[in-house]
1. Using the structure shown, decide if residue 219 is under 30 Å from residue 137 (Cβ atoms), modelled with pLDDT of 95 or more, surrounded by 14 or more Cβ atoms within 10 Å (Cβ to Cβ) and under 19 Å from the mean Cα position of the chain (by Cα).
2. From the list 296, 281, 267, which one is loosely packed, with under 14 Cβ neighbours inside 10 Å and touching a residue at least 60 places away in the same chain (Cβ under 8 Å)?
3. Please work out which one of (1) assigned to a loop (DSSP other than H, G, I, E, B); (2) exposed (fewer than 12 other Cβ atoms within 10 Å of the Cβ); (3) assigned by TED's automatic domain parsing to the domain that holds residue 99; (4) modelled with pLDDT under 95 is the condition residue 30 fails and give its number.
4. What are the residues in region 96-110 that are in a loop (DSSP other than H, G, I, E, B) and touching a helix residue (DSSP H, G or I) at 6+ places or on another chain (Cβ under 8 Å), if any?
5. Under 15 Å from the mean Cα position of the chain (by Cα) and under 23 Å from residue 279 (Cα atoms): which single residue out of 143, 153 fits that description?
6. Return yes or no: is residue 38 assigned to a helix (DSSP H, G or I) and either surrounded by 10 or more Cβ atoms within 10 Å (Cβ to Cβ) or at pLDDT below 95 (or both)?
7. Restricting attention to region 227-240, does a residue exist that is within 22 Å of residue 140 (Cα to Cα) and out of contact with any strand residue (DSSP E or B) (no Cβ under 9 Å at 6 or more places or on another chain)?
8. I'm checking my understanding of the structure. Among residues of region 243-271 that are assigned to a loop (DSSP other than H, G, I, E, B) and out of contact with any helix residue (DSSP H, G or I) (no Cβ under 9 Å at 6 or more places or on another chain), which one is nearest to residue 199 (Cα to Cα)?
């Protein structure tokens, strides 16, 4: 599935344009404080050569900013980018024509096997940025919408699973079939009354809308986060390839529900606050809640690479020095300032930086 990249909206002119550019280039307030607490990039060695990248063009602008900043520390490194889509990213690693795979999503289970077949090692996944709040195609957070007249204001992920999912024996979490995702039909939610609505809403069926499924072999972010990786959907699900049509349909259907991104919101719909657990806390989708990851359906951008296996020590895969230095730069204060400078993606929180850097050691 190829990522779609949409053109930027026209920049505002005059002083407004200057204000926007300064805001993108200079993080301020709490965001700047948080970035100042991240580790500085300190080269462990001077490197040279070429780093080859395949993957999504949505990360292209951010990649160029990283490369420029990195060359300030490592002037002898160069880059070759072939960014055709997340679906192409892993093939570059499989065929050994790429060093890094840029992906706007976590890879599907079947995409692990090309690297594993070649080296008996799985590709390493590194989160490099938090996805956008509302820019299409940039690992954008998902919103859950209802008709504007619907009195419902919030949902938990368990309730969302009850609406969209069905009984199952488990689900896929990356390469593992997880039986703990199993549930019975008693968990299904098919009427608005089951969500606590009364009066005219109590016995009305929920009209369930969503994007098309990723068949065959794909497990979507929504399935992973909301349905435990299951592929058993509500029998009422209507799939829309055209998100604009889906949201227009919802705007004229008082009893509908849909998930998409804020970029597709219409005057006839409203986004719900979501909670990780029943009972709250319920969080509205916004720049702050995505940036600090309190909003449950935030997304992330990733870089994957195939680890090297040192001779004589098959249990201890290593990272190529060129990629190690570049990834350590990305996972530094300077690299995350570059993310903020890009303007659509958001920097990683400090605990995520720490956990991702640990994967490189």
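The values are calculated or read from the model by the stated rules, or taken from the named source; none is laboratory data. What you see is a predicted model; the values in this text were computed from it and never measured. Using ideal geometry, Cβ is built from the backbone for each residue, glycine included, and neighbour counts are taken over all protein chains shown.
1. On the way: under 30 Å from residue 137 (Cβ atoms): yes; modelled with pLDDT of 95 or more: no; surrounded by 14 or more Cβ atoms within 10 Å (Cβ to Cβ): yes; under 19 Å from the mean Cα position of the chain (by Cα): yes.
No: the conditions fail for residue 219.
2. 267
3. All conditions pass for residue 30, except number (1).
4. Listed by number, the residues that qualify are 96, 98, 99, 104, 105, 106, 107.
5. It is 143.
6. It is false that residue 38 is assigned to a helix (DSSP H, G or I) and either surrounded by 10 or more Cβ atoms within 10 Å (Cβ to Cβ) or at pLDDT below 95 (or both).
7. No: zero hits.
8. 253
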